Amino acid sequence: MAQTTHKRDPWRLVWRLATADRSLAILLLVLALYVSVPVLVPQAPTAPLAADRWLSQVQARFGTATGTLYRLGLFSLASSPLPRLLLTATAFLLLTRTAAGAEALWNDRGQESRASPLPWTGLSMGLAHAGFLLLLLGLLVGQVRGWRAGGRIGRAGDVLDIAGHGEVVLENDQSGNIRSGRPGVTVYTVGRGPEVTVRAYDAEGRPLELQRTPREATVWELTVPLVPESPEAYFAVPDAELVCRVSQPSSAEPTADALLRLETFRTPTGEPIQTVEVTEEEMEVAVEETRLVIRRGSYFILDVAHDPGRWLKGAGLILGAVGLLGRLACSQRRPRWRSALPLALALLSLATAGTALWNLAATGLLWDNSPVQAGLTALWLAVLAAELTSSPQERTEAGTGGEV
C-alpha cells in the first residue's frame, strides 16, 4: 500500500501566524520602540526658520553620531512610511484575530456553561479589537478626507484664509474662547502671544498716522503682534520722523505676559532716541514732541482643522479600552507572581486612553508629541505584549488566537 504524503497548507500556516498572540505581541513591541525613539532623538522641525537652531542643538548633543542617525531616518520618523506600515500591519492582525474569534465563538455556541467566563472573554477581546480597528479607521478617514492648518494667529471677528480650503470666520463662544463660524471646521486654541496697540499724538494732541511698512496704508491706530517666527516688530510715525521697534528681551518664544521693550529711532539717520519697557496694560511714552499711547493685549495661536474621523477616533478609544478592561476582568486566576500584570495593564490602559481622549478634545490630535505620552504609550504597548504571551492556553480556549 502506497504511503500518502501529507502536504502542509501554506495558507493555514499564514492564518495561524496572523492569529497567534506571539505575532501581535512582536508587532506591539516594535510599535513601543517606534514611539520611544522620538523621546530620545529630537525630530526635525517642519518650520524652516527653526531648522538651523535645531541642527546646531542636535550636533552639539550627538556629535559624530549625527550623520549616522540622519541616514537611519531617526530624525524624521513621522514623515517616513514606517508608521503607516506599522498601522497597516496592526490592522491586518486585528482583522484576522477578530474573524478567528468570531468563528470560534460561533462554533462553540451552546457548548460552554453560562457561568463560564470564557465566552465573555472572547466577546471582550472582540470588542477591544473592534475599538482599535475603529480608531485606525478614524485615523485613515482623517488622513484622506481631513486637513489641518496650524500656527495661525487670530482674534474674534478675523477671517482666516486657509490655502486650498477656503475662508474660516472666527467667532467668540459663550466662554470667551474662539470658535469657527464654518460648519465642520473646528478651531483649537494652542497658545497666546503678546501684541501692542499703538496710537500717536503730536504736541497739540492731534492724532498722527501710523504705518507698519512703506507698502501698507497709514492708519490712526495700529496693532503690532510679536509672533514666534519674528519676536520683534517695527512701525513708523511718518509725520514725526520716528521708527519704533517692539521686541522681547529674552530669547524664549513670545508669551502673552512676556516682558516687552519699545525702542525709538530717528529717521532717516537711524539714531536711537530712547528705550522703555512696556510694563503696564496701558501707558504713555513721550518721545520728544510725540506722545505714544500703548495698550498691551494678546492674540490667539490657533490650529484650524476639518477632521471627519474625529468621532471615530474617540469612539474607538472608548470601545477599545472597555473591551480590554472587560477581557482583564474575565481573566482566570493566576499565580501570585503574575497577578500584578493585568492590574498594571488595566491602569495603563485607562491612563493611555484618557490622555489620548483629552488631547483629542483639546487639540483635535491623539498625539501631543510630549515625552510623558510617548513613555506612557510605549509602556502600555510593552505590558500589553507581555499580557498576550503570559497565558496562551486561556486565550486559545476563548477562541481569540493561539500559539503557532
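Read-outs throughout are calculated quantities, based only on the coordinates presented, and are distinct from any laboratory measurement. Quantities reported herein were computed from a predicted structural model and do not represent experimental measurements. Cβ: placed from backbone, ideal geometry, glycine included. Neighbour counts: every protein chain shown.
Once the piece of chain linking E204 and L40 is laid out straight, how much longer is it, given 0.36 nm per residue of separation minus the C-alpha distance between them? Numbers along the way, then the final one.
Details: separation 164, 0.36 × 164 = 59.04 nm, distance 6.20 nm.
My answer for the length gained is 52.8 nm.
Could you list L93, L259 in order of exposure, starting from the residue whose Cβ has the fewest other Cβ atoms within 10 Å?
Going from least to most buried by this count: L259, L93.
If amide hydrogens are placed 1.01 Å from N in the peptide plane, which non-local residues have theirs closer than 5 Å to the one on T267?
For T267, whose amide H was placed from the backbone, the distant partners under 5 Å are L242, V243.
Could you size up the charge dipole of region 152-292 around its Cα centre, putting +1 on the beta carbon of Lys and Arg and -1 on that of Asp and Glu, and report it in debye to the nearest 20? Intermediate results must be reported in sequence, preceding the final value.
On the way: 13 positive and 26 negative charges, 107 e Å.
About 520 debye.
Given the DSSP H assignment, sum -39500 (n - 2.57) over each helix run of at least 4 residues in the chain and divide by its residue total; what's the result at 222 nm in deg cm²/dmol, nearest 500? If you can, show how the numbers build up before the last one.
On the way: 10 runs with 174 residues, N = 404.
Mean residue ellipticity, 222 nm, calculated: -14500 deg cm²/dmol.
What are the DSSP H helices in the chain that stretch 24 Å or more along their long axis, judged by alpha-carbon atoms, and whose average Kyte-Doolittle hydropathy comes to at least 1.0?
Numbers: long enough: 21-40 (29 Å, 1.95); 82-107 (38 Å, 0.86); 118-145 (40 Å, 1.34); 310-329 (29 Å, 1.06); 340-363 (34 Å, 1.48); 371-388 (25 Å, 1.43).
Span-like helices, by this rule, are 21-40, 118-145, 310-329, 340-363, 371-388.
For region 150-304, place one equal point scatterer on every Cα, skip the solvent, and apply the Debye formula. What is log10 of I(q)/I(0) at q = 0.14 Å⁻¹?
Ignoring solvent entirely, the Cα scatterers give -0.76.
Using +1 at the C-beta of Lys and Arg and -1 at the C-beta of Asp and Glu, which of V159, T186, I294 has the Cα lying farthest in the positive direction of the dipole of region 150-304?
T186
Measuring from centroid to centroid over Cα atoms, what is the spacing of region 253-285 and region 293-311 in Å?
What the calculation gives is 26 Å, centre to centre.
Calculate the dipole size of the chain relative to its Cα centre from +1 charges on Lys and Arg beta carbons and -1 charges on Asp and Glu beta carbons; express the result in debye to the nearest 20.
2900
Per residue, how big is the convex hull of the chain when only Cα atoms are used? Give it in Å³.
Convex hull of Cα atoms, per residue: 237 Å³.
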